[in-house]
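Below you'll find the structure, written out as structure tokens, and then a few comments.
The values are calculated or read from the model by the stated rules, or taken from the named source; none is laboratory data. No experiment lies behind these values; they were computed from the predicted model shown. Note that each Cβ is placed from the backbone with ideal geometry, even for glycine, and that neighbours are counted across all protein chains shown. Each accessible area value is taken on the protein alone, full model and side chains, heavy atoms only, with ligands, DNA and RNA left out. Shrake-Rupley method; radii C 1.70, N 1.55, O 1.52, S 1.80 Å.
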Amino acid sequence: MLSDLVRESRSYRSFNESQRVTKEELLEFVDTARLCPSAVNRQPLKYRLVYEPAEVEEFLAITRWGGLLPDVKLPPDGHHPTAFIVMCCDTTVVENPDSAKFDAGIAAQTIMLNATEKGLGGCIIGAFNSDEASKTLLIPKKYKPIVALAFGVPDETVFICNLNKDGDTKYFRDKVGLHFVPKRLLEDVIIE
């Protein structure tokens, strides 16, 4: 069921590096995402696949992870993602990359659900410098990187929990490093 995939599709920040994500898997994800709805059907998204180990590490070095956990090194050494998809806005299709963010959100969620269905996990990352990403990945100037998707076989468990009494939505890790993501209750998100 779709609801099961959504529950399983969490933001993972630790991966089993011995199991690599392949170019063919990334191509399958993009092939599915290209069918997603697009504002005015302009389809401005283009995708840079990153799967060669050296290039993965080079791109990883310019990303920032787990902003709410400043005292935790994420991803941990030896537990890096093994591939990325960098979504770019083709500025010859739409001039302002901000106008592609709805498309990017729809495509990113679709890709992450597809990855979950295949037994992979990932993290949607917006914390990187677009110009630095273009330089690192030799992306032509007309394509503006707007979001990155990291992939791998997760080697951590992420738990969904209810908000505590003070209503704090910040994700957290307990003393043994288990990751928890508080979610609002159904009755808290319905407007009556």
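Points worth noting:
- Extension gain, T92-E192: 0.36 nm per intervening residue step, less the Cα-Cα distance, totals 31.6 nm.
- The apolar share of the surface of segment 3-130, taken as the fraction of accessible area on carbon and sulfur atoms (1.4 Å probe, ligands and nucleic acids excluded), comes to 51 percent.
- Portion, in percent, of the accessible area of segment 138-190 that falls on carbon or sulfur, probe 1.4 Å: 57
- With the convex hull drawn over the C-alpha atoms of segment 59-127, the volume per residue is 121 Å³.
- Estimated FRET transfer efficiency (A54, N164; beta-carbon r; R0 45 Å; 0.05): 0.55
- Packing around the peptides 126-138, 160-172, taken as the average count of other Cβ atoms within 10 Å per residue, puts them in this order, highest first: 126-138, 160-172.
- Ellipsoid equivalent to segment 3-94 - semi-axes via the Cα gyration tensor, in Å: 26, 16, 15
- Once the convex hull of all Cα atoms in segment 145-188 is built, its volume per residue stands at 131 Å³.
- 1.4 Å probe accessible area per residue over the chain, in Å²: 58
- Where R34, R48 fall by accessible area, highest first, once all protein chains stay in place (1.4 Å): R34, R48
- Pairs of Lys residues in the chain, spaced 8 or more positions apart or belonging to different chains, with C-alpha separations under 22 angstrom: 20 in total.
- Annotation: peptides 175-185, 55-65, ranked by per-residue average of other Cβ atoms within 10 Å with the highest first, follow the order 55-65, 175-185.
- Dipole of the chain, positive end: most advanced residue of S18, F102, C36 [Cβ charges, Cα centre]: F102
- Evaluated at q = 0.08, 0.19 Å⁻¹, a Debye calculation over the C-alpha positions of the chain (equal weights, vacuum) places log10 I(q)/I(0) at -0.27, -1.39.
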